[in-house]
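S.K.: My structure is below; once you've seen it, I'll send some questions.
The values are calculated or read from the model by the stated rules, or taken from the named source; none is laboratory data. All of these numbers come straight from a predicted model, not from anything done at the bench. Every residue, glycine as well, gets a Cβ built from its backbone with ideal geometry; the counts of neighbours run over all protein chains shown. Accessible surface is based on the protein model in full, side chains and every heavy atom, while ligands, DNA and RNA are left aside. Shrake-Rupley method; radii C 1.70, N 1.55, O 1.52, S 1.80 Å.
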Amino acid sequence: MARTRFVRLLVVTTFLCVLAGQLRPLAAAAGGLPRDLFSLGIASRICTDRASTAKASTDFGHMVEAAPEAVLHPATPDDIAELIRFSASSPAPFPVAPLGKGHSGRGQTLAPGGVVVDMRALGRGHRARVNVSAAAAGADEPHVDAGGEQLWADVLRATLGHGLAPRVCTDYLHLTVGGTLSNAGIGGQGVSARPADRQRTGEMVTCSRAKNSDLFFAVLGGLGQFRVITRARIGLEPAPKRVRWVRLAYSSVVTFTKDQEVLISDQASESGFDYVEGQVQLKRTLSEGPKLTSFFSGANSTRFAGLASRSGSSTLYCIEGAMYYNEDATTMVDQKMEALLRQLSFEPGFVFAKDVAFAEFLDHFDAGVFKRIFRDANPAGLIIMYPMNKDRWDDWMTTMTPTSDDVFYNVALLWSALSVRDVEQLNRDNKTVLAFCEKAGMKYKQYLPPPHISRWNKIIELKAKYDPQAILSPGQRIFSSLAEAASSAVA
């Protein structure tokens with residue numbers, strides 16, 4: 001059953017990073033910026049010099065480039081509102097795109113011929129934009145109000161000072177809150193976004209599940225098409241002190257997926273892992289891949305590569321799991337781990353374990369991937385593969401899932417390249433993967449790139465309501481105008 005389910009339920013996420021070479025340009029808006037823009041109160045914070053615009057002309061992936069006419073370094077969210085308000089009311093509206101750390105894919109943060117908003121400027125030299133509220137008698141549940149420009153690492157640092165942590169954290173903590181929420185949405189009780197509505201473009205509006213809910217769900221995973229997220233309220237819970245962290249090796253994809261589904265099932269919800277992720281190790285990374293992560297010692301890396309030779313497989317699989325605990329529960333977590341491992345069917349003797357501080361565990365993606373695997377990429381990267389429970393995805397979200405069945409898999413191909421030749425090859429590889437899925441009759445959705453979003457007619461309606469001039473985040477070319485969007489919806 002595990003194999004059948006895997007074949008049918010698949011989400012493919014592709015991510016390419018090229019570190020050198022030719023970039024594919026996007027067309028810029030014609031005519032430059034209106035002169036009246038430089039008469040506004042924000043004029044002193046608008047930079048048009050080549051150094052500023054060049055820095056905002058590409059993103060982390062370096063796959064496309066598009067030069068803005070200017071970069072806004074806002075001192076407050078009101079500066080962003082004034083910019084958007086001016087563009088929307090101009091006879092020739094110009095593109096506006098927020099830029100955090102630039103990790104969004106394929107040009108989301110680019111504004112060809114328009115203005116890029118340096119969101120990180122909101123946190124420079126001003127009062128703290130991370131405010132933690134611990135629970136008190138008669139008060140709301142603990143939460144943190146964080147600026148959209150804040151890094152998850154900084155949010156975590158602030159909350160740990162109160163013995164709390166976000167209920168959900170990203171694998172990579174050095175991303176901005178606003179950027180993460182706009183790309184996929186990982187929760188949050190309230191989001192502040194701009195502008196408010198079609199009649200009063202450029203005003204502040206606060207939204208949640210209960211208030212302005214259509215906007216709330218639109219901006220979560222909305223790829224920056226509806227609003228600029230300037231602040232988010234994130235639910236907190238008591239932070240554990242320690243993490244018992246294990247990786248389990250598999251030579252069979254059937255056993256690998258079966259165990260993963262056991263680990264995310266209801267029966268394992270209380271006695272299982274607090275964190276579950278799967279990785280695929282290909283032949284070219286079997287010897288080098290384990291060495292590039294701080295998790296494995298040299299001897300364990302050799303054993304890992306030897307398993308592939310003995311099993312006759314060119315591919316191995318790993319389940320990464322973690323149990324959170326406090327120091328006074330060491331014996332109990334030992335017992336829980338032993339009981340859980342007895343239920344799983346990994347290769348005998350291939351359990352790799354560590355015990356680390358909670359904060360160190362949450363930041364392991366940065367240490368293992370960006371500082372090691374991608375450091376000398378040529379090309380390199382990793383493949384992440386793990387199941388998700390369908391009922392954890394809200395039907396209101398813009399992100400598409402491939403089926404209505406109980407479980408689907410996320411397969412993320414995280415490639416990195418050093419040359420244009422590598423990029424061309426990796427793009428061909430991605431297309432080959434998708435062609436295989438089509439030929440095999442798999443139900444799948446390719447998330448990035450290009451973005452595939454659900455409820456398209458509803459998305460057009462929301463775009464017309466909240467960004468009728470289609471000025472926000474045009475870099476991914478989701479639609480260049482509402483007329484084009486409407487014709488796509490009819491088609």
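S.K.: Taking the Cβ-Cβ separation of D355 and D214 as r and a Förster radius of 51 Å, what is the calculated FRET efficiency to the nearest 0.05?
M.R.: Calculated transfer efficiency: 0.65.
S.K.: In addition: How long is the gain from R167 to D328 if the chain were fully straight, where each residue apart is worth 0.36 nm and the alpha carbon distance is subtracted?
M.R.: 55.8 nm
S.K.: Please tell me the relative contact order of region 31-123 in percent, rounded to the nearest whole number, where contacts are Cα pairs under 8 Å and at least six residues apart.
M.R.: Relative CO of region 31-123 lands at 34 percent.
S.K.: Straight-line reach only, C-alpha to C-alpha below 17 angstrom: list the aspartates and glutamates that K431 could link to, leaving out same-chain residues fewer than 8 apart.
M.R.: D422
S.K.: How much accessible area per residue does region 31-123 have, counting only protein heavy atoms and a probe of 1.4 Å, in square angstrom?
M.R.: So region 31-123 comes to 38 Å² accessible per residue, rounded to a whole number.
S.K.: Also, quick follow-up: Given the pairs K211/K465; K211/K241; K258/K439; K390/K458; K241/K390, which are separated by over 28 angstrom at their Cα positions?
M.R.: In this structure, K211/K241; K241/K390 lie more than 28 Å apart at Cα.
S.K.: Here is a follow-up. For W393, what accessible area in Å² do you get when you roll a 1.4 Å probe over the heavy atoms of the protein chains, rounding to the nearest 10?
M.R.: The accessible area of W393 comes to roughly 70 Å².
S.K.: Simple spin-label model, 7 Å along Cα-to-Cβ: Q343 to V254 in nm?
M.R.: Those two pseudo-labels are separated by 2.2 nm.
S.K.: Could you rank the peptides 332-338, 83-89 by their average count of other C-beta atoms within 10 Å per residue, with the highest value first?
M.R.: Result, highest mean first: 83-89, 332-338.
S.K.: Can I ask one more? Between R421 and F436, what length in nm is gained on full extension when 0.36 nm per residue of separation is reduced by their alpha carbon distance?
M.R.: 3.1 nm
S.K.: Separate question: What accessible surface, in Å², does a 1.4 Å probe find on D422, ignoring ligands, DNA and RNA and rounding to the nearest 10?
M.R.: About 30 Å², rounded to the nearest 10.
S.K.: A further question follows. What lysines does K101 reach when the alpha-carbon gap must be under 16 Å and sequence neighbours fewer than 8 apart in one chain are set aside?
M.R.: Partners within reach: K55.
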